[in-house]
Amino acid sequence: MASLSGATIATTFKSLLKLAGNTDDLAAGGSTAIQVMTGDGENTPIYLNTDRVGIGTATPQYDLQVSNTTTGQLALTRVDDAMNADVDIGEIYFGASGTSPDPRAVAKITATTAEAWGSGGSDNGADLEFYTCDAGTNTLDLRMIIQDNGKVGIGTASPGYNLVVEDTTANSGGTLALTCSETTVVDTNVIGRLMFRGRDTDTYTTGAKITAIADETWGVLGSDDDDAPTQLRFFTQSNGNGDALSSPRMTIDSDGKVGIGTADPSSTVEIEATAGNADLTVVGTDGSQARFNLWADDGDDATDGWQFHASTNGDLYINKSTGNLASSSGLGTFGDTIMTLDANGNNVGIGETSPDALLQIAQIATDDDPILKFVSADVSHGMTDLTEADVYGEFQKAGGDSGGLLINGYRDTAGSATSAMVLTAYLGEAGITTKSAVGYGITRVRSYIKSSGSGTNPGADQNLLSIESASNVRFIFDQEGEMHSDEVIGVGNDWDEWSDLQMASDLSRLPKAKFNEMMKYSAKDFEKAGLLTLSVDEEGNQHAFIRHKAMLMFAMCCFGETYNRISALEEHNKLLEEKLLNNKLLN
């Protein structure tokens, strides 16, 4: 090994460093490395050749190479008896020589104290900072920091977590990319994976992972970048119940469908239990409701939403939106409650927030449209102009502000002759009613007059029940227990004797002496006698309602009068027979 002597190349040793004599001049590009020796002629581990420095090696392969029989070490230290916080300890610069500034620094790594250092080698917290220059500038900006506590910040000098990636660009965010090296990505290729691992003694095991997998073969990269179908799969390990990392707990496929418990969802959200029940639970915080909103978009974002929410008292409400999806709240506003499920009484309210019956329907709309319809999918008829041709029954408000209830039944002309509405009551044999149980029957119809409080009986001249044919009233049952039937007649029309006897009623106030006179009379006479009630409908037709109780009394009167007359005739005939017999005996 050649050596030089007498030339001072450094003063970092206690004695001058000299070069021993060497026949190969370094400037002339000698290939043999020169070993640096101390002034006392002792060898050092430093070797020099034309353009490289080796420490611990005579054949450096890089500009500066540190070698050791164990581990090569390079130390940057600061000589300072009082190391305060935020003091640079050492820096490594990357740059180029040439134009000013010289050398031109484009990147650096700096070690900085994170705290004031204590004596004796304790309290030596330090951060490691990485800087680079933006294109077109010569300013070194901090890009990454490794803090004394091991937390890593990219784009931030104060990471609050083990790894924080921050982008200060407006409307942007920190980005962490996991890529694969496949030149052609095909179905089921793994694109990237995040592993969550823990250690049991000295062995690491995986507790959860998130995997990105190609959903189909990707298009040509660079020319068809949006053709990259990928799904995300989420895995968690079981609690000692076998390896659960082979099947995902949740999947988001390339169409945006979410599968929980299934890797192949067929709808926007599909929940499939691998064991037991499949549950979906929404819990509100203390004093707050639990809500579930559904929105459909037909292009105008208006009144397309429904909200299901459980109140703090345990009731469930269904509301229709009154605002739109683009409102300030982001979910629109919701108006009247459409349906309520009462937790206390197990009642259901439609249009009613506090139902006090098992089913209570309150019409929200101001019109008198039907509030309850019965629809069959296999019945069609032309008997009604309702939109649905297969409605066979409905409950409807009678009309006006006073309310009332209409019950309509519909049946087409097909099939055998039958009824459009049938009311049938069945009563067990043990519950058979008798005349002694006044007011009770297998079928009961009640009529009340009610202004406030409990209902009262109608007045003596008021009707309880009417039966109509189309728009014409045919039968009336009144408060006095009488039934009245109708006959369409012309004004002033006379009835014959048979009609008189069959349809007249209650002639108890008519003297028997007038019987002969009343065998022929008009409808006005019947009305005057209390036998009929006359009315005129909207089309001008006159209707007479027969009082059947009066008809029965009149029939009894007729039978009594007829009996009396027959008895008188029989007595008269008997007298004639006796007279004839006496005359015959006398002759």
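Taken over the range 340-371, the criterion of being among the acidic types (Asp, Glu) and either surrounded by 11 or more Cβ atoms within 10 Å (Cβ to Cβ) or at pLDDT 80 or above (or both) is satisfied by 342, 352, 356, 368, 369.
The residue of the range 45-98 that is surrounded by the most Cβ atoms within 10 Å (Cβ to Cβ), among those that are among the acidic types (Asp, Glu) and in contact (Cβ under 8 Å) with a residue 12 or more places away in the chain, is 91.
Table: residues versus (1) crowded, with 16+ Cβ neighbours inside 10 Å; (2) closer than 19 Å to residue 266 by Cβ.
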residue	(1), (2)
202	no, no
205	no, no
209	yes, no
219	no, no
232	yes, yes
235	yes, no
242	no, no
247	no, yes
254	no, yes
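If the condition is being under 22 Å from residue 423 (Cβ atoms), modelled with pLDDT under 80 and not aromatic (Phe, Trp, Tyr), then the range 439-454 contributes 439, 441. Does residue 424 satisfy the condition of being surrounded by 11 or more Cβ atoms within 10 Å (Cβ to Cβ) and either modelled with pLDDT of 85 or more or more than 20 Å from residue 476 (Cβ to Cβ) (or both)? No; evaluated as a whole, the condition is false for this residue.
Those strands (runs of 3 or more DSSP E) of the range 144-262 in which at least 1 residues are over 35 Å from the mean Cα position of the chain (by Cα) and of a type in the set (S, T, N, Q), considering only elements entirely within it, cover 203-214. Provide a single number: the residues in the range 176-199 that are more than 25 Å from residue 164 (Cα to Cα) and touching a Cys at 6+ places or on another chain (Cβ under 6 Å). Within the range 176-199, residues that are more than 25 Å from residue 164 (Cα to Cα) and touching a Cys at 6+ places or on another chain (Cβ under 6 Å) number 0.
The values are calculated or read from the model by the stated rules, or taken from the named source; none is laboratory data. This structure is a prediction, so every number in the text was calculated from the model and none was measured. Every residue, glycine among them, receives a Cβ derived from its backbone with ideal geometry; neighbour counts consider all protein chains shown.
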